[in-house]
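Participant: Once you've had a glance at the structure underneath, I'll fire off some questions.
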Amino acid sequence: MMRLFVIIQIQKDVNDVAGSSAELKIPTHIAFVMDGNGRWAKKRFMPRNYGHSEGARSLKTVIRSLAELGVKYATFYAFSTENWNRPQEEVDGLMQLFDEQLDSLKEYEKENIRLLFIGDRTRLAPGLIEKMAECESKSADRTGLNVIIAVNYGGQDEIVRAVRKVAELAGEGYIKPQDISGKFFESLLDTNGISPVDLMVRTGGEKRLSNFLIWQNAYAEFYFCDTLWPDFGKKELIKAIEDYTSRDRRFGKVSVSKADA
Ligand code: FPP
């Protein structure tokens, strides 16, 4: 009896998340620009950092839904190389929020979630760098959803850092110009080993990339919505995946129907 109840409950949860999940094409890698926290807070006459805290709550809801749907990689743009130019109070608040949130994020053991970070860590506080490394090592053997958090990340900065590594390797005589292929270059990016982005979601109404995963988004499908990030949840995520399911991904080729014509 108990066993039957558990099976029915699992089926109900899947249906709640995915509606008719069988019809959805689940992207391997979804990237999120979590925009709109500040406006969400302003609408409530609250400080911007309150919006970021509520954004962290949404982040956790989305992570659980992604794991249930069987998504393999999800990258979240938490702090860009340009975000240092925000008011000091907001920067400090964000850094404190990351520090607090990492304690709960690393606990996703039951959900089999692995945590990874991309971006230049050298400018971050030593305590935060230590916690990030601890999250990565503690979750390294988990085989479910890979959650990748971009902190002090910029797509241009990532490419410049990779080019520097190429120059160092060439300077020390390890590689020749003809050894540099796309695959080799990719292996020097922060996202080494992570598959390219299939679906890029940006909340908050703006329609731009903002220096996020420039290389990895080369053939991504883009989904923009007006929902502010703290209001983005399971339902909105399903809408984005439904939209992705309807796209004809050609990767520079022609679609089968056009080729036949
Ligand atoms: C952009 O919205 C949002 C950010 C720069 C910060 C995003 C951070 C979180 C959601 C917290 C995540 C927590 C962890 C642990 C990774 P905005 O402030 O630019 O919004 P606005 O356009 O309305 O001003």
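Participant: Hey, which aspartates and glutamates would be in cross-link range of LYS234, C-alpha to C-alpha under 16 Å, not counting anything within fewer than 8 residues on its own chain?
Facilitator: By straight Cα distance, LYS234 reaches ASP13, ASP16, GLU54, GLU68, ASP226, GLU242, ASP243.
Participant: Can I ask one more? Per-residue HN-Hα couplings for the range 150-160, Karplus 6.51 cos²θ - 1.76 cosθ + 1.60 at θ = phi - 60°, whole Hz, x for Gly and Pro?
Facilitator: Coupling constants for the range 150-160: 8, 10, 6, 10, x, x, 5, 4, 4, 5, 4 Hz.
Participant: Can you work out ³J(HN,Hα) from phi for every residue in the range 72-77, in order, using Karplus 6.51 cos²θ - 1.76 cosθ + 1.60 and θ = phi - 60°, giving whole Hz and x for Gly and Pro?
Facilitator: With coefficients 6.51, -1.76 and 1.60, one gets 8, 10, 9, 10, 10, 8 Hz.
Participant: Kindly identify the range 30-173 as rounded, prolate or oblate by the Cα gyration tensor criterion: order the square roots of the eigenvalues as a ≥ b ≥ c, call it rounded if a/c is under 1.5, otherwise compare a/b with b/c, prolate if a/b is larger, else oblate.
Facilitator: oblate
Participant: Given H placed on each backbone N at 1.01 Å, which residues far from PHE212 in sequence or on other chains put an amide H within less than 5 Å of it?
Facilitator: Close amide H contacts, sequence-distant or interchain: GLY155.
Participant: Still on this structure, please answer the following. Using just the helices of the chain, give the 222 nm mean residue ellipticity in deg cm²/dmol: DSSP H runs with n ≥ 4 each add -39,500 (n - 2.57), and the total is spread over all residues, rounded to 500.
Facilitator: -14000 deg cm²/dmol
Participant: Rounded, prolate or oblate: which one fits the range 158-261, using the alpha carbon gyration tensor with axes a ≥ b ≥ c (rounded when a/c is under 1.5, else prolate when a/b beats b/c, else oblate)?
Facilitator: In terms of gyration-tensor shape, oblate.
Participant: Past 32 Å, Cα to Cα, is the threshold; run LYS42/LYS235; LYS25/LYS131; LYS42/LYS72; LYS131/LYS176 against it and keep the listed order.
Facilitator: LYS25/LYS131; LYS42/LYS72; LYS131/LYS176
Participant: Here is a further query. Hey, how many Å between the Cα centroid of the range 25-84 and the Cα centroid of the range 183-220?
Facilitator: The distance from the Cα centre of the range 25-84 to that of the range 183-220 comes to 16 Å.
Participant: Please list, in chain and number order, the residues 5+ apart from THR75 or on another chain whose amide H is under 5 Å from its amide H, with Hs placed from the backbone.
Facilitator: ILE30, ALA31, PHE32, ILE148
Any read-out appearing in this document is the output of simple, stated calculations on the displayed coordinates, not a laboratory observation. Since this is a predicted model, take the numbers as computed values, not measurements.
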